[in-house]
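The values are calculated or read from the model by the stated rules, or taken from the named source; none is laboratory data. From a predicted model like this one, the values you see are computed outputs, not experimental measurements. With ligands, DNA and RNA removed, areas are computed over all heavy atoms of the protein, side chains included. Shrake-Rupley method; radii C 1.70, N 1.55, O 1.52, S 1.80 Å.
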Amino acid sequence: MTDKFARLSIDGSDEVTELPILSGSIGPDVIDVRNLGSTGYFTFDPGFLSTASCESKITFIDGGKGVLLHRGYPIEQLAEHSDYLETCYLLLNGELPNKQQKAAFEDEITQHTMVNEAMARLFRGFHHDAHPMAMMCGAVGAMSAFYHDALDIANPKHREISALRLIAKIPTLAAMCYKHHIGQPFMYPRNELSYAENFLYMMFGTPCEEPNVNPIIAKAMDKIFLLHADHEQNASTSTVRLAGSSGANPFACIASGITALWGPAHGGANEAVLKMLDEIGSVDRIDEYVLKAKDKNDPFRLMGFGHRVYKNFDPRAKVMKETCDEVLKELGISDPQLEIAKRLEQIALEDDYFIQRKLYPNVDFYSGIIMKAIGIPTDMFTVIFATGRTVGWIAHWAEMVSESYKIGRPRQLYTGATTRDYQDIDKR
Ligand code: CMC
């Protein structure tokens, strides 16, 4: 209930429609337009520039101030003191776990990391040069064919089991995408390893050797997962919610999120950053590319710069930059591509075009550089983003399904042909 209203008079009419103003716990108030349809009008907001599509208690972003909170906790504090699985528990359950809850959750995840052996046969159907994201969309969608014992979305226990299965099995599937791509045997998960260590082992290990994961790399990997865990109603999460609003099963919903993530304006940006650095090729060509990015007649954009919501800085990028510096220093890596990245960052941060439009390096700029430094191939970057984001998708899906919800059904402004009569083919 509210006592605040926006008053809408259409085209100077005396008839005023009162639209309730709703307040969240923090953040801007919203005008509730749910009943506007009764006036015969709809709102028009392509790209959801001014539309809150749902109510949520999971993540809060203040893009102007560069704030990102998960269940109220600032991302900087989680990145410093927490780890990925603890953050998963927080996102799913609303509170940080105590020691017993944390141990039990980690144990549950560890017990679910293997996938049905038939999944290996599914992968064999993919051509070896299939993009890992293409395999990932197919493999995650196919999971609903294997786990029908817990697909009743109205049953909270089933929802919990599906959430655990997804978080546990996604790294296994992600590593399988890579192994299939390079023609190496799939690696079974190892229960004695942490979540990030296990993922790196399944990616880079072989049956010929014992696991040998560099702890610095494992720490960086865990941070990459943690910093990607959730980001409220972005394109892929909104896709998961929309798919879920029809009552689709969680594996199918997460597969739809993966498809939305793939594009270069969203999760595909980390891969696009490296492709761009490759295209630039050397530090002395940076100016040319900065000019291209500023040219309105050129579709080229600096990948890894700008964000729909953050118009000050991306707090994840700040943490990621620190991790990036740490990893590069520890591994003693000197790579001409990384030199280009550093120089590009510096130029863009000082250039008026980027300053005026508040275009700062985003999380994908630095995550791409770290992943390149730790030897992850470029076409796996978005798969890794998807791995970390799975918990966010599933938390939003579960939040929606556990409350009353309606199927998502936007309206449109139709500008096509008006009614006309069918013409026989020889009269056209
Ligand atoms: N390079 C050059 N110019 C840019 C860039 C860029 N990367 N991003 C935005 N602009 C310009 C744009 O041309 C426009 O200029 P003007 O006002 O003169 O017409 C202005 O900045 C506003 O751009 P917009 O397209 O209206 O902004 P948006 O909020 O719709 O787009 C974005 C946000 C992230 C899609 C965009 O900044 C972009 O394409 N960035 C590159 C891709 C990228 O790094 N994406 C990852 C986002 S972070 C990870 C995630 O959440 O998935």
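Annotations
- Legend: residue pairs Lys99/Lys329; Lys57/Lys329; Lys275/Lys321; Lys99/Lys406; Lys292/Lys372, Cα-Cα distance threshold 28 Å; pairs beyond threshold, Lys99/Lys329; Lys57/Lys329; Lys99/Lys406.
- Value at 222 nm in deg cm²/dmol, rounded to 500, when DSSP H runs of n ≥ 4 in the chain each add -39,500 (n - 2.57): -15500 deg cm²/dmol
- Bins of 10 Å from zero: percent of alpha-carbon pairs in the stretch 153-266: 13, 35, 35, 16, 2
- Residue-normalised accessible area of the chain, expressed per residue, 1.4 Å probe, Å²: 52
- Rg in Å to one decimal, and Dmax rounded to a whole Å, for the stretch 337-394 via C-alpha atoms: 14.0, 40
- Between the stretch 21-47 and the stretch 347-413, the alpha-carbon center distance in angstrom: 25
- For the chain, the longest principal axis of the C-alpha atoms and the axis of helix 156-182 are separated by about 60°.
- Per residue convex hull volume, Cα atoms of the chain, in Å³: 216
- Qualifying aspartates and glutamates (Cα of each under 12 Å from Cα of Lys102; at least 8 residues distant if same chain): Asp83, Glu86
- Temperature 20 °C, viscosity 1.002 mPa s: under these conditions the Stokes-Einstein estimate for the stretch 1-114, based on its Kirkwood radius over C-alpha pairs, is 120 µm² per second.
- According to the Cα-based calculation, Rg over Rh for the stretch 258-339 is 0.99, with Rh computed by the Kirkwood formula.
- The chain, relative contact order in percent, only Cα pairs under 8 angstrom and at least six apart counted: 20
- Extension gain, Thr2 to Ala154, is 51.6 nm, computed as 0.36 nm per intervening residue step minus the present C-alpha separation.
- Apolar share of the accessible surface for the stretch 271-428: 48 percent from carbon plus sulfur atoms, 1.4 Å probe.
- Cα long-axis angle, helix 99-111 against the chain (0 to 90 degrees, to the nearest 10): 80
- The C-alpha atoms of the chain define a longest principal axis, and helix 215-227 lies at about 10 degrees to it.
- Extension gain, Thr206 back to Leu331 (0.36 nm per residue minus Cα-Cα distance, nm): 42.8 nm
- Protein accessible area in the stretch 1-65, 1.4 Å probe - carbon and sulfur %: 54
- Percent carbon-and-sulfur accessible area, the stretch 67-119, ignoring ligands, DNA and RNA, probe 1.4 Å: 48
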